[in-house]
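Note sheet for the following structure.
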Amino acid sequence: MGTIINIVFIALVVWFAYTRFKPAKGLRNLNAEQFRTEMATTTPGRPTVVDVREPSEYKSGFIAGAKNIPLSQLKGRLSEIPKDQPVLLYCRSGMRSKSAAKVLQKSGHQKLSHLQGGLSAWNGKLARK
């Protein structure tokens, strides 16, 4: 009986980890150079760059041109992100931006990319407020 419980427990832990860390379908993973190139793209429209970190994190340094919409506020602020333009997401490590992409996909956004590794992978200059 104990072995069955252990197997069920391990299966649940594996399932939980997989669902938390699996990539969002349709989300493009971009390295820092690709992210920078996408930010400069103007066709078919300039992408919206969204920093999903909390305001205190944003104030400590952000990618110039990014709009701060924390993941914790995203569902209430979906109208601020155009559905007809590409959206570039980032956070500190890449985990919250993946979660944000899932929320945006459910609301009808399709052209989503995120900075793989988040600001930890960004090798450019950060703006400050």
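Which ones in region 33-76 are over 16 Å from residue 112 (Cα atoms) and touching a Pro at 6+ places or on another chain (Cβ under 9 Å)?
Residues satisfying the conditions are 53, 54, 55, 57, 58, 68, 70.
Determine if region 25-44 includes at least one residue that is surrounded by fewer than 17 Cβ atoms within 10 Å (Cβ to Cβ) and on the phi > 0 side of the Ramachandran plot.
Checking region 25-44: at least one residue is surrounded by fewer than 17 Cβ atoms within 10 Å (Cβ to Cβ) and on the phi > 0 side of the Ramachandran plot.
Count, please, the residues in region 56-79 that happen to be in contact (Cβ under 8 Å) with a residue 24 or more places away in the chain, farther than 20 Å from residue 106 by Cα and open to solvent by 40 Å² or more (accessible area, probe 1.4 Å).
Counting residues in region 56-79 that are in contact (Cβ under 8 Å) with a residue 24 or more places away in the chain, farther than 20 Å from residue 106 by Cα and open to solvent by 40 Å² or more (accessible area, probe 1.4 Å) gives 5.
Among the residues of region 94-129, which ones are open to solvent by 50 Å² or more (accessible area, probe 1.4 Å) and within 14 Å of residue 31 (Cα to Cα)?
Step one: list which residues in region 94-129 are open to solvent by 50 Å² or more (accessible area, probe 1.4 Å), which gives 95-96, 102, 105-106, 110-111, 116, 120, 123, 125-126, 128-129.
Hits for region 94-129 are 116, 120, 123.
Within region 80-93, which residues are of a type in the set (Ser, Thr, Tyr) and open to solvent by 40 Å² or more (accessible area, probe 1.4 Å)? Spell out the reasoning first.
Of region 80-93, the ones of a type in the set (Ser, Thr, Tyr) are 90, 93.
Listed by number, the list holds a single entry, 93.
The values are calculated or read from the model by the stated rules, or taken from the named source; none is laboratory data. Every value quoted in this text rests on a predicted model; they were computed, and no experiment measured them. Methodologically, a virtual Cβ is constructed for each residue, glycine included, from the backbone with ideal geometry; neighbour enumeration extends over all protein chains shown. Just the protein is used for accessible areas: all its heavy atoms, side chains included, with ligands, DNA and RNA removed. Shrake-Rupley method; radii C 1.70, N 1.55, O 1.52, S 1.80 Å.
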